Amino acid sequence: MKKLTLSLPKNFSSLVKHSIGWLKNSVAGRQFTAFILIPAGFLALYFLFISPDRYVSEASIMVKETGVAQLNTGLLEGLGFDAGGVSSDEQLLQAYIISPNLLASLESELSLKKHFSRSRDFIFGLSSNSSFEDFLKFYRNHVIVSSDANTGLLVLHVEAYSAEFSKLIADKLLSLSEKFINESSQKIAQLEMQFSLDEITLSQERLKEAKQALIDFQNEYGLVSPESDGESLFTIIFSLEDELAKTEAEIYQAESYLNKSSPQVSVLMSKSEALRKEIAVQKMRVTGEANGDDKLNELSADFQSLILDVELATTLYTSSLSAYEISRVQAAKQLKHLIIASEPHLADEALYPMRLYWFTTWLILLFIAWGVFRLIVASTKEHKD
């Protein structure tokens, strides 16, 4: 047993010497150094001393519309729809969170660039002199909004170089997102309400104009209603014609036993002539031939047109009032709110970078690259021989 413990260090040191000699003197050793050892050393230095710790803070959110019932997942799936899909409001919120405008707001309030540019990571880090476009790209790599297919919620994922700052960014993003959703829904509601109010104002003006046109027509021609005046004239004409018929009958009867020059017949003849003239005058009032006046039937047609204009304007005004009330109720139902299902948390430890995972992955890739290179070299030598 004592002999064995003394031989282990000797064997180990000889193995180390042999390995160093192989690396220095053999072509394969120098290739191994170039493909494996040097890159692995740089990777180790990068992950241990350069790559900064990144702390994660997450939150789960959703956009809900007031007054709209939420259908359960089973019913939606039964109808052939994907219940876990992202709504248009949530897509809009996703676009807003990673927008340049929001980044500018965060920068003015939290000084994001100063925080992220303090790292020594010259490969994946952010420089204090970087352009806004590079800053935006870096921001979108560290602030990610995705949809959870199982719950249908939006997941806000924020990475920063300290746990406190990652939570601060997440809290600020939720505050700005809630303000954005509220202002957007209120703006849409106000636009819809304003459109309805404009329609009411327009229809009200039309109704006033139609009524004023009717009043001007009545004042111009001194007629309250051409139809009623026409009916009165026709009644007068009918009564005159009836009286004329009776007078003609009396004349015919008187001439059967009296001379035409008799006083009785003369009176009846005068009455008949007067009735004819009066009937002619009343008919000319209807046709408008007397004194160059407008025809009563044409005035009646114009009056009916004005009445229809008033009725149409009244209907439009009533409809606009109903539409305004409906839009007011709908606007109240369509107001949107941001619901926070899970608040941002303060991380206990850094989740990124996953040093062991990425170092092992790169080491495996380096071994694969070295093995492929060795196969190529061996194949080339074999073809030369």
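The values are calculated or read from the model by the stated rules, or taken from the named source; none is laboratory data. Everything numeric here is computed off the predicted structure, so don't read it as measured data. Glycine gets a Cβ as well: all are built from the backbone with ideal geometry, and neighbour counts include every protein chain shown.
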| query | So which residues in region 210-238 are at pLDDT below 65 and either of a type in the set (V, I, T) or touching a Lys or Arg at 6+ places or on another chain (Cβ under 7 Å) (or both), if there are any at all? | reply | V224, L233
| query | From W358, W362, which residue is within 22 Å of H157 (Cβ to Cβ), surrounded by 13 or more Cβ atoms within 10 Å (Cβ to Cβ) and among the hydrophobic types (A, V, I, L, M, F, W, C)? | reply | W358
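Given the criterion buried (at least 18 other Cβ atoms within 10 Å of the Cβ) and not small (G, A, S), identify the matching residue among V143, V155.
Criteria check complete, one pass: V143.
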| request: Could you tell me whether region 196-203 includes any residue that is of a type in the set (V, I, T), modelled with pLDDT of 80 or more and under 24 Å from the mean Cα position of the chain (by Cα)? | output: no
| S60 modelled with pLDDT of 85 or more, part of a helix (DSSP H, G or I), of a type in the set (S, T, N, Q) and more than 20 Å from the chain's Cα centre (by Cα) | no
| said: Cβ-Cβ distance below 6 Å, separation of 6 or more or different chains: which pairs start in region 194-220 with a residue that is part of a helix (DSSP H, G or I) and end on one that is of a type in the set (D, E, K, R)? | reply: A210/D309
| field | Selection count where residues are more than 15 Å from S60 (Cα to Cα) and either without any contact (Cβ under 8 Å) to a residue 12 or more places away in the chain or part of a loop (DSSP other than H, G, I, E, B) (or both), scope region 148-167 | value | 2
| request: Being part of a loop (DSSP other than H, G, I, E, B) and in contact (Cβ under 8 Å) with a residue 60 or more places away in the chain is the filter; apply it to region 350-377 and report the residue that is farthest from K172 (Cα to Cα). | output: P353
| task | Within region 120-140, track down each residue that is surrounded by 12 or more Cβ atoms within 10 Å (Cβ to Cβ) and touching a residue at least 60 places away in the same chain (Cβ under 8 Å). | result | D121, F124, G125
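Across region 291-329, what is the total count of residues that are of a type outside the set (S, T, Y) and at pLDDT 75 or above?
Here the count works out to 19.
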